[in-house]
1. Got at least one residue in region 383-390 being within 16 Å of the ligand (Cβ to nearest atom), of a type in the set (S, T, N, Q) and surrounded by 20 or more Cβ atoms within 10 Å (Cβ to Cβ)?
2. Please determine whether any residue of region 270-277 is within 16 Å of the ligand (Cβ to nearest atom), under 22 Å from the mean Cα position of the chain (by Cα), at pLDDT 75 or above and not in a loop (DSSP other than H, G, I, E, B).
3. With the structure loaded, tell me whether L4 is under 29 Å from the mean Cα position of the chain (by Cα) and farther than 18 Å from S200 by Cβ or whether it fails that test.
4. What number of residues within region 59-113 satisfy the criterion of being open to solvent by 10 Å² or more (accessible area, probe 1.4 Å), part of a strand (DSSP E or B) and more than 20 Å from A29 (Cα to Cα)?
5. Quick check on this structure: which one of E89, E142 is more than 22 Å from the chain's Cα centre (by Cα) and outside the structural domain of P30 (by TED's automatic domain parsing)?
6. Whether any residue in region 28-51 is in contact with a Lys or Arg (Cβ under 8 Å, 6 or more places away or on another chain) and open to solvent by 20 Å² or more (accessible area, probe 1.4 Å) is what I want to check.
Amino acid sequence: MLKLTDAQQQWLTQHQQRQIKYCFNANWAPYDSLKDGKPQGIFHDYLGIFTQRLGIEFVPHITPDWTAALAAVQRGDCAFLVGAVKTPEREAFLNFTSPYFSMYNVLVAKPDKPFIGSLDSLNGKSISGPRNGAVMQWLAKEHPGIKQVNVVTGDETLALVMEDKAYAAVSPLDSFVADYKWQIHNLKIIGKLDYPYPISVAVRKDQPELFSLMEVAVNSLGEADHAAITRKYQSFTVVEEVDYRKLAGIVAVALALIGYLYYSNRRLSGEIARRQRAEAELVHLAHHDALTGLPSLRMGMAQLDAALLRSQRTRKLVGVLFIDLDGFKAVNDNWGHQAGDALLKQAALAIQSSLRSSDMAARIGGDEFIVLLEDADKVEDMMVVGRKIQQALACTFSVGEASVQVTASIGLAVHPLHANDAESLMKMADQAMYEAKRAGKNTVQMANNIRQEQAG
Ligand SMILES: Nc1nc2c(ncn2[C@@H]2O[C@H](COP(=O)(O)OP(=O)(O)OP(=O)(O)O)[C@@H](O)[C@H]2O)c(=O)[nH]1
């Protein structure tokens with residue numbers, strides 16, 4: 001129950017039967033959008049919570065874009081906006097509740113564009129983004145050297161980048177992840193905007209009672225409310241390594257819990273915590289190798305991208321060790337696939353035990369692993385890690401009844417010596433690993449000192 005003052009309670013009682021309008025931007029997925037003519041999205045889900053807690057019926061006044069939504073609330077076509085950022089201009093006619101949601105904006109461009117360390121490197125270039133968007137106003141103020149092409153919808157922003165009429169586009173991270181179209185066109189994230197984008201409910205100044213109730217409703221939001229909405233819109237892809245039987249088991253358990261919740265709200269909070277754990281396990285499975293528990297190739301590549309982005313700022317080396325076991329096939333052939341699996345698990349542990357906490361190992365398939373090194377000052381230090389892993393793997397492993405021995409061939413490629421982007425760096429490390437195999441296996445080989453881009 002919400003704690004309300006007598007005045008708020010009285011206002012609520014008077015307005016409970018009336019319909020209060022909010023202005024809704026139909027083209028801002030995943031925050032606001034229409035499905036079969038009905039509002040949906042992250043902000044709409046928050047409004048659902050406010051509706052339930054306040055007991056007021058809110059009706060959408062649908063507008064085609066953000067500029068129109070802003071103009072409509074200013075005109076008085078509606079009483080409030082569910083999600084808006086506080087700016088001095090808007091404060092002339094709107095009151096803003098405490099922020100309840102943070103949006104992160106990224107810059108998105110064609111794949112041939114380099115990652116940027118500082119926004120200053122975009123001076124003189126054109127960036128497309130939402131007209132009347134608070135983020136564009138911030139950009140104009142903080143980075144006046146960047147040219148702006150302001151458009152109305154996310155689709156138009158995308159089209160400008162695709163047609164080379166803008167160098168990059170500003171996009172909320174959630175939209176980039178949710179919007180399939182970005183991926184069709186193979187755009188990539190080249191940087192982020194360090195602009196805190198705190199979202200509040202914005203209520204017209206002539207509705208002070210409604211504003212004070214919205215503030216109470218916003219303050220009533222708890223961890224579980226945010227987590228339920230974030231989870232609903234969190235996008236992840238199930239990778240090949242997922243153990244489907246386990247996955248089906250988890251889904252069945254989650255469904256059973258949902259049924260239980262339906263019939264027993266007395267133990268509501270305990271059940272929500274259990275569901276969260278099941279969901280977290282699903283997300284974990286999607287990003288990790290089911291056999292060894294190590295991060296998957298997909299996760300490894302994402303971490304490598306992030307490390308390369310960081311290194312633009314820190315100027316530190318980023319190394320990739322590409323590890324392939326020698327003679328692994330013979331273990332499968334002589335002792336069976338299960339013995340092979342047991343060996344892979346122990347090999348993963350041996351690799352991990354050779355690393356510092358800042359390094360990351362991933363299994364990328366079969367008997368191949370990569371290790372990401374970010375904390376070394378010299379290439380020689382990375383070679384030392386490679387040799388340490390080589391030694392850790394060159395021991396006798398017990399797999400079931402058998403004792404087996406393998407060795408490892410390891411390739412090392414280092415940014416910025418050998419390549420600048422994640423894919424080329426992986427390719428160089430892979431090639432170096434093959435060199436190690438050719439040289440007789442059980443050795444660590446550094447990539448040739450020729451950059452991948454130049455080598456073609
Ligand atoms: N047990 C098990 N085997 C796998 C798995 N994934 C791939 N393999 C097998 O691993 C073997 C890898 O082949 P290779 O790397 O060519 O074998 P290798 O004997 O290590 O050869 P070199 O690398 O040239 O030394 C293949 O026989 C695959 O069938 C797995 O998850 N479990």
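1. Within region 383-390, the first condition is being within 16 Å of the ligand (Cβ to nearest atom), and the residues that meet it are 389-390.
Of the ones still in play, those that are also of a type in the set (S, T, N, Q) are 390.
When the remaining residues are screened for being surrounded by 20 or more Cβ atoms within 10 Å (Cβ to Cβ), the result is 390.
Scanning region 383-390 turns up at least one residue that is within 16 Å of the ligand (Cβ to nearest atom), of a type in the set (S, T, N, Q) and surrounded by 20 or more Cβ atoms within 10 Å (Cβ to Cβ).
2. Here is the first cut: in region 270-277, the ones within 16 Å of the ligand (Cβ to nearest atom) are none.
Looking for residues that are within 16 Å of the ligand (Cβ to nearest atom), under 22 Å from the mean Cα position of the chain (by Cα), at pLDDT 75 or above and not in a loop (DSSP other than H, G, I, E, B), one finds none in region 270-277, hence no.
3. On the way: under 29 Å from the mean Cα position of the chain (by Cα): no; farther than 18 Å from S200 by Cβ: yes.
It is false that L4 is under 29 Å from the mean Cα position of the chain (by Cα) and farther than 18 Å from S200 by Cβ.
4. Qualifying residue count for the region: 2.
5. Values: E89 fails: outside the structural domain of P30 (by TED's automatic domain parsing).
Residue meeting the stated conditions: E142.
6. Yes, there is a match, as at least one residue in region 28-51 is in contact with a Lys or Arg (Cβ under 8 Å, 6 or more places away or on another chain) and open to solvent by 20 Å² or more (accessible area, probe 1.4 Å).
Per-residue answers, yes or no, for (1) part of a loop (DSSP other than H, G, I, E, B); (2) open to solvent by 60 Å² or more (accessible area, probe 1.4 Å):
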{"position": "D194", "(1), (2)": "yes, yes"}
{"position": "P198", "(1), (2)": "no, no"}
{"position": "E215", "(1), (2)": "no, no"}
{"position": "T230", "(1), (2)": "no, yes"}
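Here is a yes/no grid of residues against (1) modelled with pLDDT of 95 or more; (2) surrounded by fewer than 21 Cβ atoms within 10 Å (Cβ to Cβ):
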residue: L309; (1), (2): no, yes
residue: G319; (1), (2): yes, no
residue: D326; (1), (2): yes, yes
residue: D359; (1), (2): no, yes
residue: G365; (1), (2): no, yes
residue: I370; (1), (2): yes, no
residue: D377; (1), (2): no, yes
residue: V404; (1), (2): no, yes
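The values are calculated or read from the model by the stated rules, or taken from the named source; none is laboratory data. If you're wondering where the values come from, they're calculated on a predicted model, not measured in any experiment. When we count neighbours, we look across all protein chains shown, and the Cβ atoms used for this are built from the backbone with ideal geometry, even at glycine. Accessible surface areas use protein heavy atoms only, side chains included; no ligands, DNA or RNA. Shrake-Rupley method; radii C 1.70, N 1.55, O 1.52, S 1.80 Å.
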